[in-house]
Each structure stands twice: as C-alpha cells, then as structure tokens.
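The values are calculated or read from the model by the stated rules, or taken from the named source; none is laboratory data. All values reported here derive from a predicted model rather than from experimental measurement. Positions of Cβ are generated from backbone atoms using ideal geometry, with glycine treated the same way; all protein chains shown enter the neighbour counts.
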Amino acid sequence: MTDMDALMGNVGEIYASREVAYGEKPEVAQTVVQVVALVQADLKIEIKCIAHL
C-alpha cells in the first residue's frame, strides 16, 4: 500500500469486495503496511499467507 489515505477512504468498498471474494466475512487477521513506493507505480499487491502451528 502506497497511499494509506486512499485505503481508508475506500475501506468499506474494500471490505465488501473481500466478503464477496471469500463468500462471507473472512475470519482472518490482517495487517496493512504502507511503503514509499512499489517497483512499478501502477501495481498493487496483496500477499496472503497462512500460518500453521
């Protein structure tokens, strides 16, 4: 994420899209990290990982 204000301004729409993608409200932990820039300015990235204990 390179623009935290843009994220927070669209958080309702983003969460609604996640519910559609998961088929329900996801029961997952999440962290949002802001970086200064990505290699290509037009890219957006989501990294998913699942921890197994």
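So here's what we get for this one:
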item: Failed condition for VAL33, given (1) part of a loop (DSSP other than H, G, I, E, B); (2) out of contact with any helix residue (DSSP H, G or I) (no Cβ under 6 Å at 6 or more places or on another chain); (3) without any contact (Cβ under 8 Å) to a residue 24 or more places away in the chain; result: (3)
item: Total residues in the range 14-48, condition more than 17 Å from ASP3 (Cα to Cα), modelled with pLDDT of 80 or more and among the acidic types (Asp, Glu); result: 2
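Okay, residues lined up against (1) within 11 Å of the chain's Cα centre (by Cα); (2) of a type outside the set (Phe, Trp, Tyr):
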{"site": "LEU7", "(1), (2)": "yes, yes"}
{"site": "TYR15", "(1), (2)": "yes, no"}
{"site": "VAL20", "(1), (2)": "no, yes"}
{"site": "VAL35", "(1), (2)": "no, yes"}
{"site": "LYS44", "(1), (2)": "yes, yes"}
{"site": "CYS49", "(1), (2)": "no, yes"}
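Listed here are the residues, each with its yes/no results for (1) part of a loop (DSSP other than H, G, I, E, B); (2) surrounded by 10 or more Cβ atoms within 10 Å (Cβ to Cβ).
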{"position": "THR2", "(1), (2)": "yes, yes"}
{"position": "ILE14", "(1), (2)": "no, yes"}
{"position": "ARG18", "(1), (2)": "no, yes"}
{"position": "ALA21", "(1), (2)": "no, no"}
{"position": "GLU27", "(1), (2)": "yes, no"}
